[in-house]
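Data block below; observations after.
The values are calculated or read from the model by the stated rules, or taken from the named source; none is laboratory data. On a predicted model such as this, the values are computed, not experimentally measured, just so you know. Every residue, glycine among them, receives a Cβ derived from its backbone with ideal geometry; neighbour counts consider all protein chains shown. The area values use the complete protein model at the heavy-atom level, side chains included, leaving out ligands, DNA and RNA. Shrake-Rupley method; radii C 1.70, N 1.55, O 1.52, S 1.80 Å.
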Amino acid sequence: MGEDMFDLTGKVAVITGGSRGLGRELALGMSRAGADVVIASRKLANCETAARAITAETGRRAMPYALHAGRWNEAEPFVDAVYDEFGRCDVLVNNAGMSPHYDKLTDVSEQLFDSVVNLNFKGPFRLSVLFGEHMKAAGSGSIINISSTASVRPPVYALPYAGAKAGLNALTEGLAKAYGPEVRVNTIMAGMMRTDIAKSWDEEIAQADARLTALKRIADPAELLGAALLLASGAGSYISGATLRADGGIP
């Protein structure tokens, strides 16, 4: 193990929602660790911008791809494109997500509910099983699901999101059994972070919530990179079916 225990040289990492926020930080960090990366999100131009910047900084290959991760019929062509380009996938990070707020529960429309569940749960299921089959056949792989503290402390203003993330936690354990021992499947349960979603927060309420945690602050997305590298690399070789909290110590 030693100094290179977090090394991803020769690996290919796929990150959904990889063009901005946490996803971009994870793509950049895994690229710095030696991996070639696939940056997938809905807007191709944003993926291309992120891919160029990552390649310029790290020298690693970065493939941009326009993907709506919540659409079932887009998953298989995406997997095929990754294997056509690289011939392998060693790490899948199901990061794409959304959490629209509402004033009251009766404001939740069927369209909003379905959109939230599709992106946060249905998409990760479909991508995981497609990539998971390839990984198991190849003899190794790591799937990382990005969940939220909402899955265990469900806020009333984001219940469809909380339910979808709770489902994602359960999915992690089931997939770990389904694709082990070759493929490790884990969850990072994230707390409050300064991503684009934070722009819609009431800052006073957000700071009050942050002060309730052990670390008493909101995280920068880059602070989750260490957890992701642990689960993606040989450093986490005996971790599977786990939910790793990266939440600052929620009460």
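So the values come out like this:
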| read-out | value |
| --- | --- |
| Considering residues of region 20-48 that are of a type in the set (S, T, N, Q) and open to solvent by 10 Å² or more (accessible area, probe 1.4 Å) only, the residue nearest to Ala75 (Cα to Cα) | Ser41 |
| Failed item in (1) in a helix (DSSP H, G or I); (2) open to solvent by 50 Å² or more (accessible area, probe 1.4 Å), with Leu130 passing the rest | (2) |
| One residue from Thr58, Thr106 being in contact with a Leu (Cβ under 8 Å, 6 or more places away or on another chain), β-branched (Val, Ile, Thr) and either at pLDDT 95 or above or open to solvent by 50 Å² or more (accessible area, probe 1.4 Å) (or both) | Thr58 |
| Count of residues meeting criterion [in a helix (DSSP H, G or I) and either over 24 Å from Ala170 (Cβ atoms) or touching a strand residue (DSSP E or B) at 6+ places or on another chain (Cβ under 8 Å) (or both)] in region 100-127 | 6 |
| Filtered residues of region 156-180 (kept if in contact (Cβ under 8 Å) with a residue 40 or more places away in the chain, under 14 Å from Gly241 (Cα atoms), open to solvent by 30 Å² or more (accessible area, probe 1.4 Å) and of a type outside the set (D, E, K, R)) | Ala178 |
| Conditions (1) closer than 23 Å to Leu225 by Cα; (2) small (Gly, Ala, Ser); (3) crowded, with 17+ Cβ neighbours inside 10 Å: number failed by Ala53 | (3) |
